[in-house]
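Remarks on the structure that follows.
Coordinate-derived values only; no laboratory data. In this text, all values refer to a predicted model and were calculated from it rather than measured experimentally. Note: ideal-geometry Cβ built from the backbone for every residue, glycine included; neighbour counts use all protein chains shown.
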Ligand code: FAD
């Protein structure tokens, strides 16, 4: 039986959904594998460990350390490498998040092994596990097979569905002491620039504004719609460059990649660099006053009109539906 490590990731004491998706991915790699979850942090991680078991982990290793209070590649790297050397896994899966993107290449280098990043689908084909990932800003897909060494992958959030949690599942949870030392990076403070609402990269619904929104004040209307829908707010680089919103909201080739169930593009023209970050959304709705706008080429539903007239109507309708 093979063994696959799933490195979980939390934010503000809560596990990110991609951690559960990573367990489902591990099972897709090898249904019979022993899935070992890894939870890192400073304290109070028991609940997170139990949650991983509910979502399919057979065993969970918890590492609590002062140096793991905030993410640093050195601290997390030392902890994960120590677990890998003890557990000798056949596979490692982590989310393709900011932390996953930073940590996994460093670990792969230390292990002198390959890494398939940003996987959106896993298929079994004639006895081979194939990993499908977008390339050229989402214009094409490649299939990769790992023929040698550890199967090391990161998965894009919102693409591989997590299993239904089963609260009756039991699994061994062990706490491991690891000597983490010589950390040269000191995190003094974590400043959150984005709104405290729904996490953009994991949101099921995204309302994104572009230069057409015309001002910081114009974004208020977007937040109203997002509030009613329980959505996260995103933006095009055009809107960020114009100073209407923070760069942490930018979606696209040089911003965040999102795959929500519903993406509402408001006053966004649909430049190729923007499409790279959102074109794999399940349903795309575009609101634009220009019927020739490129965004309509990828939209499932298009509303041709002035966003300042359309948005209040949508907010009113969705509010009425909720009541
Ligand atoms: P515009 O192209 O100006 O579009 C505004 C749209 O709003 C228009 O279609 C207009 O018809 C519509 N509009 C105006 N007023 C209204 C109204 N009242 N009602 C309804 N519709 C209205 N861009 C990204 O988004 N993400 C990236 O990650 C990114 N990376 C880049 C990397 C590189 C190397 C380069 C060169 C560019 C990158 N860009 C990126 C920029 C990209 O090329 C576009 O310039 C940008 O996406 C345009 O933003 P926009 O659609 O908001 O603005």
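Which of 20, 296 has the fewest other C-beta atoms within 10 Å, and how do the rest follow up to the most? Before the final figure, lay out the partial values.
Working: 20 26, 296 18.
With the fewest neighbours first, 20, 296 line up as 296, 20.
Rounded to the nearest 10 degrees, the angle from helix 216-229 to the longest Cα principal axis of the chain is 60 degrees. Stretched out straight at 0.36 nm per residue, the stretch from residue 176 to residue 297 would grow longer than its current Cα-Cα span by 38.3 nm. The calculated FRET efficiency for the pair residue 132 and residue 102, based on their C-beta separation and a Förster distance of 25 Å, comes to about 0.60.
First check a/c for the stretch 260-323, with a ≥ b ≥ c the square roots of the eigenvalues of its C-alpha gyration tensor; if it is under 1.5, answer rounded, and if not, answer prolate when a/b is larger than b/c or oblate otherwise.
oblate
For the chain, the 222 nm mean residue ellipticity estimated from helices alone, with every DSSP H stretch of n ≥ 4 adding -39500 (n - 2.57) and the total spread over all residues, rounds to -8500 deg cm²/dmol. Extending 7 Å from Cα along the Cβ direction at residue 318 and again at residue 47 yields two label points whose distance is 2.8 nm. Full extension of the chain between residue 216 and residue 167 yields a length gain of 13.2 nm, computed as 0.36 nm times the residue separation minus the alpha carbon distance. Assuming a ≥ b ≥ c are the square roots of the Cα gyration tensor eigenvalues, decide whether the stretch 169-218 counts as rounded (a/c under 1.5), prolate (otherwise, with a/b larger than b/c) or oblate. Oblate, because a/c is 1.5 or more while a/b does not exceed b/c.
Ranking of 137, 201 by neighbouring Cβ atoms within 10 Å, starting from the fewest: 137, 201. With each label modelled as a point 7 angstrom along the Cα→C-beta vector, the residue 11-residue 147 pair spans 3.9 nm. If you line up the long axis of helix 73-87 against the longest principal axis of the chain, both from Cα atoms, how many degrees apart are they, to the nearest 10? That helix lies at roughly 50 degrees to the long axis.
Normalised by the number of residues in the stretch 160-313, the mean separation of alpha-carbon contacts (under 8 Å, six or more apart) gives a relative contact order of 19 percent.
Counting every other Cβ atom within 10 Å of each residue's Cβ, 249, 225, 111 order from fewest to most as 111, 225, 249.
Spatially, the stretch 28-73 and the stretch 102-181 are offset by 15 Å when compared through their Cα centroids. Bridges between two residues of the stretch 191-315, per DSSP, are antiparallel at a rate of about 0%.
Need one number: % antiparallel among DSSP beta bridges in the chain, to the nearest 5.
In the chain, approximately 20 percent of DSSP beta bridges are antiparallel ones.
Under the criterion of Cα pairs below 8 Å and six or more residues apart, the relative contact order for the stretch 88-207 equals 26 percent. From the square roots a ≥ b ≥ c of the eigenvalues of the alpha-carbon gyration tensor of the stretch 121-219, which class results: rounded (a/c under 1.5), prolate (a/b over b/c), or oblate? Note, shape of the stretch 121-219 comes out oblate.
Remark: relative contact order (the chain) = 14 percent; criterion is Cα-Cα distance under 8 angstrom and separation of 6 or more residues. By DSSP, what percent of the beta bridges with both residues in the stretch 1-120 are antiparallel, rounded to the nearest 5? Bridges in the stretch 1-120 that DSSP calls antiparallel: roughly 10 percent.
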